[in-house]
Amino acid sequence: MDFAPAHQKFPPEPKVVNGLSVDVEDWFQVGAFENTIARADWDGCELRVERNVEAMLALFDRAGVKATFFTLGWVAERVPQSIRAIVEAGHELASHGYDHQRVFTFDRVQFAEDLRKSRGILEDLGGVKVTGYRAPSFSIDARTPWAHEELAAQGYSYSSSVAPIAHDHYGWRDAPRFAFRPVEDSDLVELPVTTAMLGERRLAAGGGGFFRTLPYHFSKWAIAQVNREEMRPAIFYCHPWEVDPGQPRVAGAPLRSRLRHYTNLSRMERKLERLLGEFSWGRVDEIARIEALKIEGEAR
């Protein structure tokens, strides 16, 4: 892969503020284990999300950054103290749906109810208005033409639910790489998760397992490309369980799922700390507001 070697010094980055986000779900709720651990068994699993959210909040406090926490309603019901801690620390509280069901498994009526249910729980517990949404596993794609329409109808300001790549679990390869308005005559903004370009090829570079398993310098190169060459913000995500190397091991999961989930857990917090120090970061609602203004300016 032809990206810059680790010893190369990049020129100073322009002051582009990137979107920092956390998808708040526990270790047993991830897409990698959805065919191994049934939702009916979730209440019998060890809850570790509270301590891991605390670790993320402490990390962000040390780095002096604010983030958006896209949170499952199911999690919020069980650890309301974490919701209050997120809000009290000045981070954005946003929706990740109720129980991590992928959007393309819903019809529009079911999706609408999931949006209402999760938002109601978060707003009741957090005491703040929820205006942002991220689909579980970036599952808004070409199969769900009604999803953005429903988000707009329910008054969301932005979504960050599209991965403009091809992937075995998700992806909308033909979607725009940067912020766009998915619904005509609506102010709703979609902020796709970040990709970088290597020649004509799009590379996933927005965080999660890609950040955790690949060498750190790949992510540094990718975000620098987006900031420096394209003058656009990166949209980066991670999960609380990714800073928890002591979490239970799911022996019955497929080998690929286990490799994706457990690789480099012990290194994740240090990698995150380094990334937070090398780039500028902010809440995703702030990025959405800035990008909306850019779209409006370009339309004039």
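The values are calculated or read from the model by the stated rules, or taken from the named source; none is laboratory data. Being a predicted model, the structure only gives us computed values, none of them experimental. We place every Cβ from the backbone using ideal geometry, glycine too, and count neighbours over all the protein chains shown. Please note that ligands, DNA and RNA were not included when accessible areas were found on the heavy atoms of the full protein model with its side chains. Shrake-Rupley method; radii C 1.70, N 1.55, O 1.52, S 1.80 Å.
Every pair of different Cα atoms in the range 219-274 enters the Kirkwood calculation, which places the hydrodynamic radius at 13.4 Å. Net length available on complete extension from Glu46 to Glu229 is 61.4 nm, with 0.36 nm assigned per residue and the Cα-Cα distance removed. The value for the range 90-153 of Rg(Cα) / (2.2 N^0.38 Å) is 1.08.
Probing with 1.4 Å while keeping every protein chain in the model, the per residue accessible area of the chain equals 43 Å².
Between Ala142 and Gln110, full extension at 0.36 nm per residue minus the direct alpha carbon distance yields a gain of 9.7 nm. Calculated from the structure at hand, semi-axes √(5λ) of the Cα gyration tensor in Å is found among (1) 47, 22, 14; (2) 26, 24, 19; (3) 24, 21, 20 as (2).
Per-residue SASA remark: Asp43, around 110 Å² accessible (1.4 Å probe; ligands, DNA and RNA not included).
Once the Kirkwood radius over Cα pairs is known for the range 173-300, the Stokes-Einstein relation at 37 °C and 0.692 mPa s delivers a diffusion coefficient of 200 µm²/s. Farthest toward the positive end of the dipole of the chain, out of Ala222, Phe69, Tyr156, is the Cα of Ala222, where the dipole comes from beta carbon charges about the Cα centre.
Ignoring ligands, DNA and RNA, what percent of the 1.4 Å accessible area of the chain is carbon and sulfur? Could the numbers behind the result be given before it?
Working: 6390 of 12990 Å².
Here carbon and sulfur together make up 49 percent of the probe-accessible area.
Quick one: dipole size for the range 154-300, taken about the Cα centre, charges +1 on Lys/Arg Cβ and -1 on Asp/Glu Cβ, in debye to the nearest 20. Once rounded to the nearest 20, the dipole reads 780 debye.
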